[in-house]
Structures are given as C-alpha cells and as structure tokens.
Amino acid sequence: MSEAWYLFETKDTVNIVRSERSAVPNYPTHSRWGRIGAGVVSVAVFGLLVWLYGSIVVAVAAGLGAGLTTFVGAIYPDVDHHNSTPRKKAVRAFQSLVLVAVAATAAVYWTELLGAVEPVHERILGAESAVPPEALAAAVPALVAFVLTALVDPAIGLATRRHRGWTHSVPVNVVLVGAVTAAVWLLTAGLSGAQRLGAVAIVAAFLAGTFIHLGLDREIV
Ligand SMILES: [Zn+2]
C-alpha cells in the first residue's frame, strides 16, 4: 500500500489524485482491524483470567467485554470527522440518549408542566378549544428534544475541534483511558480479584483499540 488513487471533489471539478502515501484508512479498514484486535484481546483476557483465577464465568464476561471495548476504541477516533461512520453512530447514540432523557424528564414533571401550560392554553386558545392543554404541554418536550437533538452533531464537532485532533493523540488517549482505568481499579476494591482484573481489562482494552486505529492512521510511527 505505498500508493493509491483517490477522488476528491471541489465545487466544480472532480479530481483524481495519486497519493504518495497510502490512502487514509476508511471505516471498513478500521472496523476490520478492530474486529481482529477484538478477537485477539478477547482470547488474551479470557486466557489470562482462567490461568490466574480459574474462573470461567468471569473470564468469558471479561473477554467479551474487552473485545467490545477494543472494537469501539478502534473506531472511535474518527468521531472527529463530521462525515465519518463513527460520527454518525455517535450522533445517533447521543440523540437517542437525549430523547430518553427529555421523555423521562417530561414524564416525571408532567403535572408541573401541565400546570404551567394551562394558563397559557386558556389565554391563547380559550377554555373551549378543541386542542387540549395536554397537547400543548406535550409540544414543549417535543420542541426541546428537537432543538437538543439538532445540537448533538455540532456539540461533538466543538468537543473534538478538528479532524485528527485529540482523539488521534497517543498521549491524550493514554491519559484518558489511564484515568478511567485507575478509577475503575479504585471503585472495584470490594470485588474479587478475578472480577476486579476483568473490569480493569475491559476498560484498558479500549486503549488497545485506539492503538490499532492510530497505528493504521500512522499516528504512532
Ligand atoms: Zn482516524
């Protein structure tokens, strides 16, 4: 893969360019190597836990969990690219969370919301209106959800700033995953040795995944 041809479009032309470096790895490449890495990490974590503790159930759970975090780690860095598949997946995931959060909040505070809307309903539509106050009250969380879901993509853009920014930085990923791993180690102090090592392995495997991604992107060497 020392050279590749690729297309790029400007406003009024389509250009074919020969790249001296290999083409930038795309989602299928990251995903394929992510799955390979996930398989290797799963087997390694499973084997380690069985060897150290002989606990098959914990070993299977930790192996599967570590495989999953390896895969997510291998695709996540490209969330900083607004058109990438991971970005679209992340946007959908956060939008779902926003919808659930708004719906749950509206359900919990429904009485208060209805009470606040009723005077407005009476003033604008009148008490005899065919539109019930409940419909007006339901429109409030719907509008909030609409605005918040529209903000998810720009918010990720703001957080990640630019393509190949901090999500593509080896030191940043080491520090972030290291901090979460240390936190999990502290929080799992009451668990058995096998469970604790399994939990730590699941988090730390995310870093293995990011290394797969950054390696393919030639951010490491
Ligand atoms: Zn990348």
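Shape analysis of segment 86-161 yields a ratio of the Cα radius of gyration to the Kirkwood radius, Rg/Rh, of 1.14. Among 124, 36, the ranking by other beta carbons within 10 Å of each residue's beta carbon, starting with the fewest, stands as 124, 36.
Using only side-chain charges placed at the Cβ, +1 for Lys and Arg and -1 for Asp and Glu, the dipole size of the chain relative to its Cα centre rounds to 840 debye. For the peptides 60-69, 151-160, the ranking by packing is 60-69, 151-160, with the highest mean count of neighbouring Cβ atoms within 10 Å listed first.
Computed over the chain, the alpha-carbon pair-distance distribution with 10 angstrom bins reads 8, 21, 24, 20, 14, 10, 3, 0, each value a whole percent.
Once the chain from residue 146 to residue 175 is taken as fully extended at 0.36 nm per residue, the excess over their C-alpha distance is 6.9 nm.
Take the Cα of residue 114, step 7 Å toward its Cβ, do the same at residue 155, and the gap between the two points is 2.9 nm. In the chain, helical runs assigned H by DSSP with n ≥ 4 each contribute -39500 (n - 2.57); averaged across all residues and rounded to the nearest 500, the mean residue ellipticity at 222 nm is -25000 deg cm²/dmol.
Between the helical axis of 133-160 and the longest alpha-carbon principal axis of the chain there is an angle of about 30 degrees. Note the angle between two axes, namely the Cα long axis of helix 110-125 and the longest principal axis of the Cα atoms of the chain, as a number of degrees from 0 to 90, rounded to the nearest 10. Taking the Cα atoms of the chain, the angle to 110-125 is about 50 degrees. What separates the Cα centres of segment 38-70 and segment 168-217 is a distance of 14 Å.
We did not get these values from a lab; they are worked out from the coordinates using the rules stated. Here the structure is a predicted model, which is why all the values come from computation and not from measurement. When we count neighbours, we look across all protein chains shown, and the Cβ atoms used for this are built from the backbone with ideal geometry, even at glycine.
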